[in-house]
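Down below is the structure, laid out as structure tokens.
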Amino acid sequence: MLIVFFMGAYYYVSNHSQTAIKTEIQLMTERLINEKLEEIVNARTKALQESYRKLEKIAMTDMLSDLYNRRYLIGKLDALLLKRDTYFSFYYLDLDHFKVINDIHGHEMGDEVLKVISTRLYNWRKENLTIARLGGDEFGIIHLQAVEDGKASCASICKEIFELLSDKVVIGDYAFDVSVSIGISRYPYDAMDRESLIKHADLAMYQAKKINGDDRFVFYNHHHGAAVERRNQVELYLKQADFDRDFSLHYQPQFKIADQSLIGVEALIRWHQPEIGMVSPAEFIPISEETGMIIRIGKWVIDKAFEQIAIWNSDDSERGINQALRMSINLSPLQFDSVDFFPYIQERMAFHNVKPEWIDFEITENSAMNSGTIMEEIFTALSGLGVGISVDDFGTGYSSLSYIKRFDLDELKIAKELIDHIVENQEERLIIKAIILMAQGMGLATIAEGVETEDQLVILKELGCDAIQGYLYSRPITAGEFESKYL
């Protein structure tokens, strides 16, 4: 019995010890598994948190510029509008003539320019400003202000932005002068909701674009709405225009100063819209450039001008004068982007039997300067056609000797703004003298536009200018009036 007892006790103790050991091993295993699971959960949680942070950044960041995006800005505005006693201003920024960069140099170049501008804005950020890219070449800024802050503080911010963007944007071999127009609406003075606040700043920005000068910023007022309605109306009628019915060309004569002989005309488009009457080119040309309509309008002008100069210079027409009058035609930089621009000119010249020396294409100085190296190719191509090339409005932009030497030009057209004050302003007279001397030294002709008085003519003759056009001799007139008066 004793042996049986001890054997039973042994088995009991042995089994109990093994059970305890197994239990301990199981507990240790479970603890290790739990610790491992906790590590995995923590790692997954951190990864999810990091992914959330990245997604949150993507959701509120514009990927091209690294600034806040439109969605974030709208959320910020909505949050501010929920607060009481909040005062802030909203700035609507739009780069001037940015479409020209995209059209001439391509969207990749445009994106590079936007990145440079955005980096400047990003590095400039102030504590009380929220800067976002709204899309394209448009930016929005929220400016938190104290109740006592007025328009002066907004003007100060605008001045800093203009200074920030004053340096050229250099991309490879290209250098761009990029300016900006700014519209400002203020809460709660100009609007009480987000949609109106943005809309009013946008309206003010369009008014800012009309300012001649460097500091283009405008505060919203209720008159801006009417101006935008007018613009939309003009755009609609422009798209519906019957060119041959609604458009016409007028011609302003050009005269040689030495003997007052007629040497040519400048073709100037006029638009008589049946429902709203005459619309100024200063109003509809910028709209046509914004909408792309300038391509069709430009072709119509070229065709009609070629047709008319062929009639006047022919020797077998009742209206022909058998001499080489010159027809000056203005070009928009956007026309150069049309793939059939040069073939169209060649085809129309052949169709109307127009000699190249009868044609002079005018390109504004700012267009020539702001378009970079590609403009050399355009001037070369135009010169290859045998036509004349003039720089219009010369003296209002950079008047850089370097680009005049680089381009294949025939004539400099001195801007009316300089001619207006040539009699009483000695400084502008000296500028014109310098332009004429420079042109003579480079073998270029000069023509002064906007000449209205005999005194202006006398001074221009003394300075050595070659030719003039202006109200002193004639306003722009119809083809029939030109024939009656001069032919």
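Considering each of 220, 251, 237, 187 in turn, give the residue that is at pLDDT 90 or above and surrounded by fewer than 21 Cβ atoms within 10 Å (Cβ to Cβ).
On the way: 220 fails: surrounded by fewer than 21 Cβ atoms within 10 Å (Cβ to Cβ); 251 fails: surrounded by fewer than 21 Cβ atoms within 10 Å (Cβ to Cβ); 187 fails: surrounded by fewer than 21 Cβ atoms within 10 Å (Cβ to Cβ).
Criteria check complete, one pass: 237.
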request  = Could you check residue 318 against (1) more than 26 Å from the chain's Cα centre (by Cα); (2) of a type in the set (D, E, K, R); (3) modelled with pLDDT of 85 or more; (4) more than 15 Å from residue 385 (Cβ to Cβ) and say which number it fails?
outcome  = (3)
remark   = Over the range 303-315, the set of residues over 15 Å from residue 357 (Cα atoms) and under 38 Å from the mean Cα position of the chain (by Cα) is 303, 304
Residue selected from the range 418-432 under the condition among the aliphatic types (A, V, I, L, M) and assigned to a loop (DSSP other than H, G, I, E, B), by the criterion surrounded by the fewest Cβ atoms within 10 Å (Cβ to Cβ) = 423
Residue within the range 258-276 that is more than 28 Å from residue 94 (Cα to Cα), touching a residue at least 12 places away in the same chain (Cβ under 8 Å) and hydroxyl-bearing (Ser, Thr, Tyr) present = no
note = Filtering helices (runs of 4 or more DSSP H) wholly in the range 194-280 for at least 2 residues that are assigned by TED's automatic domain parsing to the domain that holds residue 309 and either basic (Lys, Arg) or over 30 Å from residue 465 (Cβ atoms) (or both) gives 224-240, 243-246
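Working carefully through the options 140, 110, 135, find the one that is in the same structural domain as residue 187 (by TED's automatic domain parsing) and either in contact with a His (Cβ under 7 Å, 6 or more places away or on another chain) or under 22 Å from residue 215 (Cα atoms) (or both). Spell out how you get there, then give the answer.
Values: 110 fails: either in contact with a His (Cβ under 7 Å, 6 or more places away or on another chain) or under 22 Å from residue 215 (Cα atoms) (or both); 135 fails: either in contact with a His (Cβ under 7 Å, 6 or more places away or on another chain) or under 22 Å from residue 215 (Cα atoms) (or both).
The unique qualifying residue is 140.
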inquiry  = Conditions first: (1) within 14 Å of residue 253 (Cα to Cα); (2) surrounded by 20 or more Cβ atoms within 10 Å (Cβ to Cβ). Residue 456 passes all but one, so which condition is the exception?
reply    = (1)
query = Which condition number in (1) acidic (Asp, Glu); (2) modelled with pLDDT under 85; (3) out of contact with any helix residue (DSSP H, G or I) (no Cβ under 7 Å at 6 or more places or on another chain) is the one that residue 340 fails?
reply = (2)
query = Does at least one position in the range 86-105 carry a residue that is closer than 21 Å to residue 200 by Cα, more than 18 Å from the chain's Cα centre (by Cα) and of a type outside the set (Phe, Trp, Tyr)?
reply = yes
ask   = When you look at residue 231, is it surrounded by 14 or more Cβ atoms within 10 Å (Cβ to Cβ), of a type in the set (Lys, Arg), touching a residue at least 40 places away in the same chain (Cβ under 8 Å) and under 21 Å from residue 134 (Cα atoms), yes or no?
value = no
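Looking at the range 281-294 only, could you name the residues that are among the aliphatic types (A, V, I, L, M) and either outside the structural domain of residue 449 (by TED's automatic domain parsing) or under 29 Å from residue 445 (Cβ atoms) (or both)? Quick ask: steps written out before the conclusion?
If we filter the range 281-294 for residues that are among the aliphatic types (A, V, I, L, M), which is where we start, we get 282, 285, 287, 293-294.
Passing the criteria: 282, 285, 294.
Here's the yes/no breakdown for (1) modelled with pLDDT under 80; (2) loosely packed, with under 11 Cβ neighbours inside 10 Å; (3) not assigned by TED's automatic domain parsing to the domain that holds residue 146:
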residue: 2; (1), (2), (3): yes, yes, yes
residue: 5; (1), (2), (3): yes, yes, yes
residue: 36; (1), (2), (3): yes, yes, yes
residue: 46; (1), (2), (3): yes, yes, yes
residue: 75; (1), (2), (3): no, no, no
residue: 82; (1), (2), (3): no, yes, no
residue: 91; (1), (2), (3): no, no, no
residue: 104; (1), (2), (3): yes, no, no
query = Does residue 349 fit the bill of being crowded, with 19+ Cβ neighbours inside 10 Å, assigned to a strand (DSSP E or B) and at pLDDT 90 or above?
reply = no
message = Looking only at the range 259-276, how many residues end up being under 20 Å from residue 306 (Cβ atoms) and either among the charged types (D, E, K, R) or touching a Ser or Thr at 6+ places or on another chain (Cβ under 6 Å) (or both)?
response = 2
task = Could you check residue 315 against (1) touching a residue at least 60 places away in the same chain (Cβ under 8 Å); (2) out of contact with any Phe, Trp or Tyr (no Cβ under 9 Å at 6 or more places or on another chain); (3) over 30 Å from residue 187 (Cβ atoms) and say which number it fails?
result = (1)
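Yes or no: the range 200-211 includes at least one residue that is surrounded by fewer than 21 Cβ atoms within 10 Å (Cβ to Cβ) and farther than 22 Å from residue 96 by Cα.
Of all residues in the range 200-211, those surrounded by fewer than 21 Cβ atoms within 10 Å (Cβ to Cβ) come to 202, 206-207, 209-211.
Applying the additional criterion that residues be farther than 22 Å from residue 96 by Cα yields none.
So far as the range 200-211 goes, no, none of its residues is surrounded by fewer than 21 Cβ atoms within 10 Å (Cβ to Cβ) and farther than 22 Å from residue 96 by Cα.
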message = Of everything in the range 371-390, what is out of contact with any strand residue (DSSP E or B) (no Cβ under 7 Å at 6 or more places or on another chain) and modelled with pLDDT under 75? Give them in sequence order.
response = 371, 374, 375, 376
query = Among the numbered criteria (1) over 13 Å from residue 254 (Cβ atoms); (2) of a type outside the set (S, T, N, Q); (3) part of a helix (DSSP H, G or I), which single criterion is violated by residue 482?
reply = (1)
Residue list for the range 137-148, filter: of a type outside the set (Phe, Trp, Tyr), in contact (Cβ under 8 Å) with a residue 24 or more places away in the chain and more than 17 Å from residue 80 (Cα to Cα) = 137, 138
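The values are calculated or read from the model by the stated rules, or taken from the named source; none is laboratory data. Just so it is clear, the model here is predicted, and its values are computed rather than measured. Using ideal geometry, Cβ is built from the backbone for each residue, glycine included, and neighbour counts are taken over all protein chains shown.
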